[in-house]
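Peer 1: Questions regarding the structure given below will be posed in turn.
Please treat every number below as a calculation from the coordinates, not as lab data. Please read all numbers here as calculations on a predicted model, not as lab measurements. Don't worry about glycine lacking a Cβ; one is built from the backbone with ideal geometry, like all the others, and counts go over all protein chains shown.
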Amino acid sequence: MQRTGRVFVAGGDTLAGAALLDLLPAEGFANLIGVGADEPDLTDALAVNSFFAAERPEYVFLVGGPSGGIGLNRSRPADLMLANLQVVTNVLDAAHRHGVEKLLYLASSCAYPREAPQPLRAESLGTGPLEPTSAPYATAKLAGAVLCDAFRRQYGCRFVTGFPANPFGPGDDFGADSGHVIPALIRRAHEAKECGDSALTVWGTGAPQREFLFSRDLASACLFAMRHYDGDAPLNLGGGSVLSIAAAARVVADVVGFRGRLAFDSSKPDGAPLKALDSSGLLALGWTPATPFRTAVEETYHWFLHHATEGAAHAGSTV
Ligand code: GDP
């Protein structure tokens with residue numbers, strides 16, 4: 001991958017996209033195109049095609065499409081599935097038509113079957129039913145991975161799929177109802193501290209386990225995969241910390257300075273019992289995550305304090 005190459009981060013407004021747009025210039029990639037207001041609406045096939053025709057990206061990180069936590073997956077399953085299908089079909093089609101050199105598509109670990117053996121390996125994809133709370137979104141992500149593979153086989157396109165661990169970080173969705181667990185808990189813990197509450201509500205039983213990855217480390221894994229991986233099989237992008245939700249909530253409460261107790265709300269869904277990735281393929285190529293979980297939570301809380309606290313008293317608002 002040439003540092004002078006024309007690089008398009010499709011989905012620059014997402015968590016992974018924002019982290020890539022920070023990382024790439026720092027790594028010497030100065031020729032970024034389609035940044036900010038210049039990015040086409042990825043759900044609009046004509047706009048995407050015109051953009052690729054005019055700008056001729058050589059390397060594409062396809063990290064776009066809306067996503068959210070278990071709450072958003074339950075309240076807006078159709079919106080999430082439709083937009084993600086549109087984004088991946090539009091961008092892959094345009095990338096093929098306009099001769100993109102290489103493309104990395106970011107899928108999601110929720111596209112693995114709910115009961116697949118852990119840690120999750122690429123061979124398990126498509127072998128069983130999905131976790132019902134996120135199945136529509138996950139089906140769209142799985143379709144994207146299959147479409148990348150189909151383009152590889154039929155046209156020899158260098159399209160690679162990455163399956164990331166649960167990412168979080170600065171610029172995340174801190175909505176108490178829409179965000180993923182870490183940003184949602186950061187907001188709720190902050191509000192509980194400010195209000196002097198005695199308890200921090202944590203959804204579900206606290207028993208499920210997740211593999212968390214700091215968004216800056218995810219961006220670094222994406223860039224590494226773009227440079228060093230060109231296999232047919234999807235590549236898991238993890239190697240971060242596997243924690244129970246209860247343990248993760250305790251770290252969040254500690255970092256935020258909330259001294260009360262955790263109150264588990266079992267009327268809320270647990271989702272998948274465990275999601276941990278087998279990232280041995282990526283690690284064997286020489287990549288490792290750089291940021292310990294606690295440090296990542298500290299940086300994320302720092303960002304929240306400086307950017308997202310307006311209206312923090314209104315639980316459910318998003319940033
Ligand atoms: P998932 O990996 O798709 O299930 O992603 P989430 O980040 O939405 O949820 C992960 C786990 O955290 C689930 O077991 C949730 O029940 C639990 N959890 C605890 N509190 C919260 C919260 O405030 N928001 C979300 N989204 N999940 C929470």
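Peer 1: Answer rounded, prolate or oblate for the range 36-104, using the Cα gyration tensor with square roots of eigenvalues a ≥ b ≥ c: rounded when a/c is under 1.5, else prolate when a/b is larger than b/c, else oblate. Please list the in-between numbers first.
Peer 2: Values: a/c = 2.43, a/b = 2.19, b/c = 1.11.
Prolate, since a/c reaches 1.5 and a/b exceeds b/c.
Peer 1: Along Cα→Cβ, 7 Å out, is where each label goes; now give me the distance between the ones at E298 and D13 in nm to one decimal.
Peer 2: 3.3
Peer 1: Under 5 Å between amide hydrogens, which residues at least 5 positions from S241 or on another chain qualify, with H placed 1.01 Å from N in the peptide plane?
Peer 2: F212
Peer 1: Now, a different point. Points 7 angstrom from Cα along the Cβ direction at T288 and D38: gap in nanometres?
Peer 2: 3.7
Peer 1: What list of ³J(HN,Hα) values in whole Hz, one per residue of the range 283-299 in order, does the Karplus curve 6.51 cos²θ - 1.76 cosθ + 1.60 (θ = phi - 60°) give from phi, with Gly and Pro shown as x?
Peer 2: Residue by residue, the range 283-299 yields 5, 5, 6, x, 9, 9, x, 9, 10, x, 4, 4, 4, 5, 5, 4, 5 Hz.
Peer 1: While we're on this one: For the range 7-307, how big is Rg over Rh, using alpha carbon atoms and the Kirkwood form of Rh? It would help to have the intermediate numbers written out before the result.
Peer 2: Details: Rg = 18.7 Å, Rh = 19.5 Å.
Using only Cα positions, Rg/Rh for the range 7-307 is 0.96.
Peer 1: Using unit Cβ charges (K, R positive; D, E negative) and no other charged atoms, how large, in debye to the nearest 20, is the dipole of the chain about its Cα centre?
Peer 2: Values: 25 positive and 33 negative charges, 108 e Å.
With Lys and Arg at +1 and Asp and Glu at -1, about 520 debye.
Peer 1: Next up: On a 0 to 90° scale, report how tilted helix 15-26 is relative to the longest principal axis of the chain, with both axes built from alpha carbons and the result rounded to the nearest 10.
Peer 2: Roughly 60 degrees, rounded to the nearest 10.
Peer 1: Which angle from 0 to 90°, rounded to the nearest 10, does the C-alpha axis of helix 45-55 make with the longest principal axis of the chain?
Peer 2: Roughly 60 degrees between the two axes.
Peer 1: Give me the percent of DSSP beta bridges within the chain that run antiparallel, rounded to the nearest 5.
Peer 2: On the way: 4 of 32 bridges.
Of the beta bridges lying entirely in the chain, close to 10 percent run antiparallel.
Peer 1: I've got another one for you. Could you compute Rg(Cα) / (2.2 N^0.38 Å) for the range 141-195, with N its residue count? Spell out each step's value before the answer.
Peer 2: Details: Rg = 18.2 Å, N = 55, 2.2 N^0.38 = 10.1 Å.
Ratio of Cα Rg to 2.2 N^0.38 Å: 1.80.
Peer 1: At E101 and A54, where each label point lies 7 Å from the Cα along Cα→Cβ, what is the point-to-point distance in nanometres?
Peer 2: So the label points at E101 and A54 sit 2.3 nm apart.
Peer 1: Take the Cα pairs of the range 1-118, get the Kirkwood Rh, then feed it into Stokes-Einstein at 4 °C and 1.567 mPa s and tell me D in µm²/s.
Peer 2: Estimated via Stokes-Einstein, D reaches 86 µm²/s.
Peer 1: Here is a follow-up. Does the range 74-124 come out rounded, prolate or oblate by the C-alpha gyration tensor, with a ≥ b ≥ c the root eigenvalues, rounded set by a/c under 1.5 and, if not, prolate when a/b is larger than b/c and oblate if not? Working shown, then result.
Peer 2: Values: a/c = 4.02, a/b = 1.38, b/c = 2.92.
Since a/c reaches 1.5 but b/c is at least a/b, the shape of the range 74-124 is classed as oblate.
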